[in-house]
Amino acid sequence: MLEKLDTNKLEEKYTKKWDEEKTYKFKNDPNMKKYTIDTPPPFTSGELHMGHVLSYSFFDFAARYKRMNGYDVYYPQGWDTQGFPTEVKVEKKHGRLPPAEFRKKCVEWTEEMIKRMKSQMIEMGFSPDWDYEYKTMDPEYHKKVQLSLIRMYKDKYVYRAKHPVYWCPRCMSAIAKAETEEIEKSGKLNYIIFKGPEGEDLQIATTRPELMHACVAVMYHPEDKRYTHLKGKEITTALGKKVKAIPDKLVEKEFGTGLLMVCTFGDKDDVLWTHRYKLPIIEAIDERGKLINAGDLDGLKAEEAREKLIEKFKKEGKLVKQEDVKQAVKVHDRCKRPIELKSSLQWFADIKSHAKEIKEWASEIKWIPDFGIHYMTDWIENVDWDWVISRHRVFGTPLPFYVCEKCGYSEPAEESELPFYPESAKTKKCPKCKENLIPEQTVADCWVDSSITPLIIAGWPDENYKKLYPSDLRPQGVEIVRTWAFYTVYRSTVLTGKPPFKEILLNGNVLAPDGRKMSKSLGNIISPSELKKEYPVDSVRQWAALSGAMAKDRPFSYEDIRFSKSFINKYWNASRFIEKFLENYKHSKPEKLKLLDRWILTKLNGTIKSYTDSMENYQFHSALHKMHEFFWHDLCDNYLEYVKYRVYNDTEKQPALYSLYEVLYNSTKLLAPVMVFTTEEIYRELFHSPESGSIHNSRWPKPLKITELSEDELILMDEFNSIVSSARQFKASNRLSQNSELSSMKIYSEKEYPDELIDELKNILKVKIIKIEKGEFSVSMEI
RNA sequence: GAGCCCGUAGUCGAUCGGUUAAGACGCCUGUCUUACACACAGGAGAUACGCGGUUCGAUUCCGCGCGGGCUCACCA
C-alpha cells in the first residue's frame, strides 16, 4: 500500500537500493547495442551548483531513457582535478611546499572535494556507473595524456618554440587565449609630445606610457594627410629615443591623434607590427609583470611606472592632456588580473594550420541545437596563434619531454617511462651538443587533460577502445565550446582519425531568478543542497527538464519547481486512488472497452508517441509538458471523474480498471527518467513482479494495441467534455455541489450521440433526463 | 563593429501558414464534492515589438526598423 508521500524517505531508500542492486551497471555485453556518454568531468571545487544540476540532469534523462530502450548504457563519471584554483586553496592552507609534497596535499584536498561532490550527485539521483570513475590527477590518466602528447609530438602537432604568448604575471604562467576574459576598465589616454624630424612637436596618444622605453616605431594611417610626410623619417620619443615612422592601415585615424607608438608587446597589434616590419624586439616586462630594460624604472610594476612617468612628462611639459577612456582589458579568467603579452619559450599545439580540418570534423557532429556549431566555427576563424599547452604550475600533468637548455634541442620521453615525472626522470645527454638534457618542468594546460575524455573512457590506447569510441553523446555547457569541445574535437580526431562524438548537446547557464548571473557578491546564489531541503529531488529534476531551452541562459524559476512539486503530489494521489481499486484486480484485456475507456487509452497512446519522440530529440521540456497535460487534465480532471461511478458501483468495472492500470503503468514508465524516486516506488508497489526489478531497467512503453478513437470520435469527445464542463459550470454558478442531481438537460448538436455516451452523461453528471436535438452546439439544463 | 539567438496576457512560456492563439505562476469568484485545499469548478486578462513584402490566408516565411541576450573582434 502506498503511504502518505514522504519524498525524503523514498530518496534515502532507493539511493541505497540502487547501489545494492547495481541498477545502473554497464554490462559491457557484446550483444547489446551501446550508448556511450562522454560526461563532463566537473572541476573539483567541492560544490555542485545549479548549472551542474541542469546539465547533468539532461544526460541522466538521456541515459535512463536509453537504458529503458534496451541499450547497454556506458555512463562513466570523471573529475577534472588539476589546476590553478586548487593550488591557491592548498597554498592558503599549507603555505608553500616543495613540489612533490605540495602535489600530495593537492591530491588529498581534491579527494575530499570529490567525496562531497559525489555524494551530492548521488543525492540528485544521477545514474553513472561508479565503477568507471576517473580522475585527471591519477597516474594512469597522466600516462595517457602524456602518451597522447608524445604521439602528437611525433606527428608534428606539438612543438616547442619562442613565441609571444598571453602571460599572467600573477600566476607566472603562459595562458591560452581561451583562458582570457575581457573586463571594461576606465583608464587615461595620454597625449604625449614626441619630436618630428625637423624638431617639430608630434602628439601620440597612449594608455600605456610605461612601455615607452620599448617603443620601436611610430605608426599612422597611410592616408592620413597630417602625417604622410613623415614616412620613413626619424621620430624622437619623449624619452629621447629615435624610431621610424611607418604607415599601416590598421591604424585608426580618428582615435587619439592618429599617431601611435609601437612597443613590441603592448598588445596584439604591436606584436603583429613588430613581425610585419621586422622591428627590434625589446622585452619591456618580466614574468612578474615588472619593468625591465627601462633604466631607473626597472623593477617597478606597470602601474607604478606609469604614474612616475606621467609625473615626469608633466614636469617636462611633454604631457599635453589626459582623456578618460573606457578600455577593454584582457584578464586571466581564473585570477582576474590583467595579462601581458610576452615572448617566451613554450610548448604549443598546432591549431592554426589545421583550422580548416577542425571545422570539417566539427561539422560531422550533430549539434543540438544546430546553431551551437557557430560558437565553434566563429572561434576557429578567430584563432590567431597556436594553443599554448605549457603552464608554469605544479599540480598538473607533467609534459613528457626532455630539453637541452643550451641548444634548444628537445625530445619526448620513451613510452616505457610513462607516467613521466621530472623529479624521477632519467639522465640523458643532448645528442647535438652533449650537454645534459633536463626534464621539462612545466605541466599541461588542464584542457590538455580533459580534451581526451572520449578516449580515456573508451580505454584508449588499448585497441578495444574502438568499441566505445566515438561516444554517442557529449553533453556540455555552451560556455566551454571554445575550450572543451574545440580541444576535444581537435586532439581526439588527430589521435584516432575519427571525431570524438556523434552528437553534442549544449546547455546554457542557470541565472538567478532576477535574470542576473548568480554570484557571491550579489548574494543571489541558489544551491542544490538548499533547494533539496524544501523540494523533492524529483521536482528539482523536473525543473531541469522544464528549463529545457537549449544553449540559452535561463533564470532559475521557483514557479517551475513549485509546479513540479504539485505535479508529484498529484501523481502520487492519483496513484493511491487507483491502487485502492486495483487491490483484487487481475490484469487482462476486457473484451469490450467503453468509448470513454478507448478515449483515455487513445490519449495515452498519443502521449506515448509524442513523449518518445521528444525524448529521442532531447526535448525534455516538451515531453514533460505533454505528460502534464495528459496526466493532470485528461486523466485526473476528466477520466477519473468519469469512471468514479463505475468503480464505486461495480458497473462495467473491469474495462475501467484495465484502462486505469494501463494509463498509470505506462505514465509511470514515461515519467521514470525524470521522476526517478516516486516512479520507482509506485512501480514497485503497484506493478512490481520479481523478475522486473527496478523500473529503471524496465522496458520503455509502446502504444497499446487497441482500437483507437477515430478523428470523428475524438471530435465528439471534445464536445462531450465541453458538455461536462457546462454542467460543472452550471452547478457551480447555482452554488450546487458537483454531485448534486439535475432534473434535465437539453443538448443541441450537429453530431450523432450514441446511447452509450448519453448514459455516461446521466451517470457522471447525475442528470435524470437528457434530450438531444440537431442544431448548433449548445447546452442548457435545469435543477 | 561582425555573427548568432530572441521579442506572444502582470510574469514564464507553447503554437515549426489555416477555425474563438496552449499551459503554468499570479489575480478574482465559488467549493473541504469519500485520491489530492500542494486540490477542484469557474472567471478576468494578448489588436502575438513596429512598418513593409510573399501568400487566398501570417504570430508563424522574407526585408527594414526598434528593443533585449549571447559569442567574437574591439583601436594604441
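The values are calculated or read from the model by the stated rules, or taken from the named source; none is laboratory data. No experiment lies behind these values; they were computed from the predicted model shown. Ideal geometry is used to build each Cβ from the backbone, glycine not excepted, and the neighbour counts take in all protein chains shown.
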If we take region A:370-444, then strands (runs of 3 or more DSSP E) inside it with 1 or more residues that are among the small types (Gly, Ala, Ser) and out of contact with any Leu (no Cβ under 7 Å at 6 or more places or on another chain) are A:410-412
In region A:728-762, how many residues are away from RNA strand B (no atom under 11 Å from the Cβ), buried (at least 16 other Cβ atoms within 10 Å of the Cβ), touching a residue at least 40 places away in the same chain (Cβ under 8 Å) and not in a strand (DSSP E or B)? 3
With the requirement that a residue be charged (D, E, K, R) and touching a residue at least 40 places away in the same chain (Cβ under 8 Å), what does region A:669-701 give you? A:669, A:680, A:681, A:685, A:699
Within region A:258-289, residues being surrounded by fewer than 19 Cβ atoms within 10 Å (Cβ to Cβ) and touching a residue at least 60 places away in the same chain (Cβ under 8 Å) number 9
Scanning region A:72-112 for residues that are within 24 Å of the chain's Cα centre (by Cα) and in a loop (DSSP other than H, G, I, E, B), which turns out nearest to residue A:173 (Cα to Cα)? A:83
Output for region A:1-52, where each listed residue is in contact (Cβ under 8 Å) with a residue 60 or more places away in the chain, among the acidic types (Asp, Glu) and part of a loop (DSSP other than H, G, I, E, B): A:38, A:47
Considering only strands (runs of 3 or more DSSP E) wholly within region A:134-234, the ones with at least 2 residues that are within 29 Å of residue A:409 (Cβ to Cβ) and touching a Gly at 6+ places or on another chain (Cβ under 9 Å) are A:158-168
Within region A:238-266, which residues are closer than 15 Å to residue A:205 by Cα and either in a strand (DSSP E or B) or near RNA strand B (Cβ under 6 Å from one of its atoms) (or both)? A:245, A:251, A:252, A:255, A:256, A:258, A:259, A:260, A:261, A:262, A:266
Scanning region A:197-232 residue by residue, those crowded, with 16+ Cβ neighbours inside 10 Å and either of a type in the set (A, V, I, L, M) or away from RNA strand B (no atom under 13 Å from the Cβ) (or both) turn out to be A:202, A:204, A:205, A:211, A:212, A:213, A:214, A:216, A:217, A:218, A:219, A:230
What are the residues in region A:540-587 that are surrounded by fewer than 21 Cβ atoms within 10 Å (Cβ to Cβ), of a type in the set (D, E, K, R), more than 8 Å from RNA strand B (Cβ to nearest atom) and in a helix (DSSP H, G or I), if any? A:579
Residues in region A:486-502 that are away from RNA strand B (no atom under 12 Å from the Cβ) and either among the polar types (S, T, N, Q) or in a helix (DSSP H, G or I) (or both) total 10
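I'd like to check something: does region A:277-293 contain any residue that is within 13 Å of RNA strand B (Cβ to nearest atom), in a loop (DSSP other than H, G, I, E, B) and either modelled with pLDDT of 90 or more or aromatic (Phe, Trp, Tyr) (or both)?
Looking through region A:277-293, none of the residues is within 13 Å of RNA strand B (Cβ to nearest atom), in a loop (DSSP other than H, G, I, E, B) and either modelled with pLDDT of 90 or more or aromatic (Phe, Trp, Tyr) (or both).
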